[in-house]
1. Label the stretch 32-94 by shape, choosing from rounded, prolate and oblate, from the square roots a ≥ b ≥ c of the eigenvalues of the Cα gyration tensor; if a/c is under 1.5 it is rounded, and otherwise prolate applies when a/b is larger than b/c, oblate when it is not.
2. When only C-alpha pairs under 8 Å and at least 6 residues apart count, what is the relative contact order of the stretch 70-178, in percent?
3. Here are some pairs, Lys49/Lys274; Lys49/Lys105; Lys249/Lys291; which of them have Cα atoms lying more than 25 Å apart in this structure?
Amino acid sequence: MKSAKRYLYSFSALAALLAAIPSTQAATFASADDVQVTTTVTASVDDGKRMPSINRNDVIVLQGKDRMRVTEWVPAQGSRAGLELFVLIDDASDAQLGSHLDDLKDFINRQPSSTSIGVGYMRNAQVHVVQDLTLDHARAARSLRLPMGSAGAYGSPWLSASDLMRRWQATDHRREIVMVTDGIDRSGRNANSLWRGLHLNPDVDTASSIAQRTGTVVHSIYMPGRGRWHRNYWTAMSGQNDMTRFSEKTGGESYYLGLGNPASLSPYLNRLEKVLNNQYLLTFNAAPTRKPGLQSVNLNTEVAGVRLASADAVWVPAQEEGGN
């Protein structure tokens, strides 16, 4: 009788323990074949609200329907604050950008000592680097110049961004880009991709995939370009839509207010600084497949009022030989 009671008590205790575990955590236990993936995440709250404390157990990572185990969640501060930041300016931008160069210089000079900054100009589907990544922020700020007002014979901000990301050496630090552009592809490669006023540019998807594979977060600021292109409403809107799509896919922000020349870049750059100051490094166990590739992930948190932004997909190495 005592044995039966002991068995009944143990079974009840086990049932109570299992009931206490949320069903969404059923897949958090990693298998021997899982690999660790690290990505940059931005946390945000409504304006005027205080950022609450976010712990590792508060972060939910879903790969398909499975919840993955979060192994590390650390603020990008202190010894983990390293950031490589490239400021890219579209050489097709209007000369009015000159009135905003002081805003960009102030932004560069305000960055913390842990941030390396590079400056480049997008032209002819490439990035012409005028300042390599440097911790000398004053030097980086001095390298800024007026845009040429021409995209060149083969101008595309998406091909230019891809060019830079392919050449960017691997690093353990965060990798981020600030693009100042109108988002218009002047290369003529995708002239037939206009459909009912929506510009479905495949080069944006290619650039997004490269950014996700290399862990690069891309932010964009709208600045009208020279010539007839931005005078066409649908072309200008398509450029902004591409900017938004690119930034969102990589976990970044896109800033614009209408299609005109902004009065100042300072409000955008101040918001961007807030983004950079509220980032975390997230490491979780991902389920590999037999071939390396991008895998979609969804992030959420159980902390009320907090929003998490990250790339739509992460690069997952292949399953090692002999794995199941």
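We did not get these values from a lab; they are worked out from the coordinates using the rules stated. The structure presented is a predicted model; accordingly, all values stated were derived computationally and were not measured.
1. prolate
2. Computed over the stretch 70-178, the figure is 35 percent.
3. Lys49/Lys105
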